[in-house]
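Peer 1: The structure that follows is given in the form of structure tokens.
What follows is calculated from the coordinates using simple rules that are stated; it is not laboratory data. Fair warning: this is a prediction, and the values are worked out from it, not measured in the lab. With ideal geometry, Cβ positions are generated from the backbone for all residues, glycine too; neighbour counts draw on all protein chains shown.
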Amino acid sequence: MKTTTNLFAAALMAAFALPSLAHHSFSAEFDESKPITLKGKVTKMEWINPHSWIHIDVVGDDGKTVPWMIEAGTPNTMVRRGFTRESLQTGAEIVVQGYLSKDGANRANGFSITFTDGRRLFVGGSAPGTPN
Amino acid sequence: MTRRFVFSLATIALGVTVALGTLDTAAQQRRSTGAASFVAPKTPWGDPDIQGLWPSGDWRRVPLQRPENLGTRSELTPEEFEERERQAATDSAADAAEFATEATTATINNSPPSYWQDRGSAKLQASLIVDPPNGRLPARVPQVEQRVAARAAARQGRGPSDSWEDRSLYERCITRGITSFLPTLYNNGNEILQSPGYVVIRHEMINETRIVPITDRPFSTIKTYMGEARGRWEGNTLVVETTNFLTDKAAISGTPTSDKLRLIERFTRIDAHTLRYELTVDDRDTWVQPWKVSFDLGEDPNYPLIEYACHEGNYAMSNILRAARVAEAAGQPKP
């Protein structure tokens, strides 16, 4: 099945940014003026500290496949929310809303990550294969 | 008419029920004085036993400093508490929603998303700071501004990301400092272990472990990021005094601290599953008076610490440095 791709940067965003409280500075790494939505297939999940990274393949409007890296939460929190290594399988289609990295590479912070049917990721009990 | 009357009665009854429920919940949140019949457990070698898993994430909704409009009122009113409960319930429902909604997707902003975070529950306590009585940080002494200026002068000409050394110790996965009982976004696990002559305090965030000797041995002159600790027992309370902090980049709540910084922590098991935590920050070269934080930690055997080997995959650091190089190449001025 051909992966539908939707890649765009919205021109508008909330006029304020909350203070960065994570262990690293969001604003030094990601561009708050460049929100982005990506749809793609999971190729790898890196369960690493301080934050997990999801690797996806995104097919652009020109038909070319481009690999992207999506920053997710710390593994500790995700495990406590019932997310396991079985929850996000290679090949799963997901939609990511987040912010583009400031260096222009194909990386983004994953603020909102859902399956293509709208189910949310990282919610205890809702991801496939996770205990309730 | 009758129907309206019945509806009004029902509304009043519901209101009373909600109000009573709020008062009940609020009463449960009231700061415990400890049961008179409680006998503090002892270790096999006779010290008070304060071992256990004591996560602090449940306190995330309580600010360090009290809103100024509350003055010296240390507890919320039932209405204010109810509002905190309502917000907690809303957040909890959003976290548990199986499907994304417009509300959860349309409000993205450049802060960590909820699935990264511990949420915490509503508390009656108005602020973590309990002294001064207004629950706010005391005024800073004039030396602080000199310290800020000196640090700025030492960095003159440097950008915030010229090197990894320009980034904070926290970002570099080196230390969060010893104020780690204060709740943060996530990884709020804390564990206390004891052996004869020592108490070990582990913090999940940044994977830090403090080994506190129970001794009256004098302090040395060796300075470290985590400082030098001495512990003693006062009745059933463990008192840990820590000093000899490295001052380079050290800061508490955004204020650079001095080499006079002394932290006094008190740990008291006030019932079988509650540990009272008190932290007094004493730095006369920074604040005009000491200030104190206090809150009660609930034991949670289901919150084991998970290793947080933060440095191993700290892609953020290389991403931040690369972003700065791209900005330089584009001719953007250093912020």
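Peer 1: Among B:Gln117, B:Gln289, B:Gln146, determine the one that fluctuates most according to a GNM of chain B built with springs between C-alpha atoms less than 10 Å apart.
Peer 2: B:Gln146
Peer 1: For segment B:114-190, take the convex hull of the Cα atoms, compute a quarter of its surface area, and give me that in nm², please.
Peer 2: Answer in nm², one decimal: 8.2.
Peer 1: Using each residue's phi in segment B:198-214, evaluate 6.51 cos²θ - 1.76 cosθ + 1.60 at θ = phi - 60° and report the 3J(HN,Hα) Karplus result to the nearest Hz, with x for Gly and Pro.
Peer 2: With coefficients 6.51, -1.76 and 1.60, one gets 9, 10, 10, 10, 10, 10, 5, 5, 6, 6, 9, 10, 10, 10, 9, x, 8 Hz.
Peer 1: What average count of beta carbons from other chains do you get within 10 Å of the Cβ of residues in B:302-311?
Peer 2: Mean shielding count: 3.
Peer 1: Using alpha carbons only, how many angstrom separate the centre of segment B:184-261 from the centre of segment B:39-71?
Peer 2: 15 Å
Peer 1: Using only the Cα atoms, what convex hull volume per residue in Å³ does segment B:142-298 have?
Peer 2: Given the Cα convex hull of segment B:142-298, per-residue volume reads 127 Å³.
Peer 1: What average number of partner chain Cβ atoms lie no more than 10 Å from the Cβ of the residues making up A:79-87?
Peer 2: Mean number of neighbouring Cβ atoms from other chains: 2.
Peer 1: For chain B, just run the numbers: alpha carbon Rg, then divide by 2.2 N^0.38 Å, N being how many residues it has.
Peer 2: Dividing the Cα radius of gyration by 2.2 N^0.38 Å gives 1.16.
Peer 1: Okay, next question. Check the straight Cα-Cα distances from A:Lys39 and name the lysines below 29 Å, setting aside those fewer than 8 residues away within the same chain.
Peer 2: Result set, ordered by chain and number: A:Lys2, A:Lys64, A:Lys102.
Peer 1: Just tell me how shielded A:24-37 is by partners: mean number of partner chain Cβ atoms within 10 Å of each residue's Cβ, no decimals.
Peer 2: 5
Peer 1: Right, here's the next one. Would you grab the residues whose amide H sits under 5 Å from the one on B:Phe99? Only those 5+ places off in sequence or on another chain, please, with H modelled 1.01 Å from N.
Peer 2: Sorted by chain and number, the residues that satisfy this are A:Arg120.
Peer 1: So what is the orientation-averaged projected area of segment B:205-292, using the convex hull of its C-alpha atoms, in nm²?
Peer 2: Seen from a random direction, the Cα hull of segment B:205-292 projects 6.9 nm² on average.
Peer 1: With chain B treated as a Gaussian network of Cα nodes joined by springs under 10 Å, which of B:Val281, B:Val148, B:Val293 yields the largest mean-square fluctuation?
Peer 2: Maximum fluctuation in the GNM of chain B, among the listed residues, is at B:Val148.
Peer 1: By DSSP, what percent of the beta bridges with both residues in segment B:142-298 are antiparallel, rounded to the nearest 5?
Peer 2: 95 percent
Peer 1: Same structure again: Treating segment B:37-138 as a set of equal point scatterers at the Cα positions, no solvent, please give the Debye-formula log₁₀ I(q)/I(0) at q = 0.17, 0.24 Å⁻¹.
Peer 2: Each listed q corresponds, in turn, to -0.95, -1.20.
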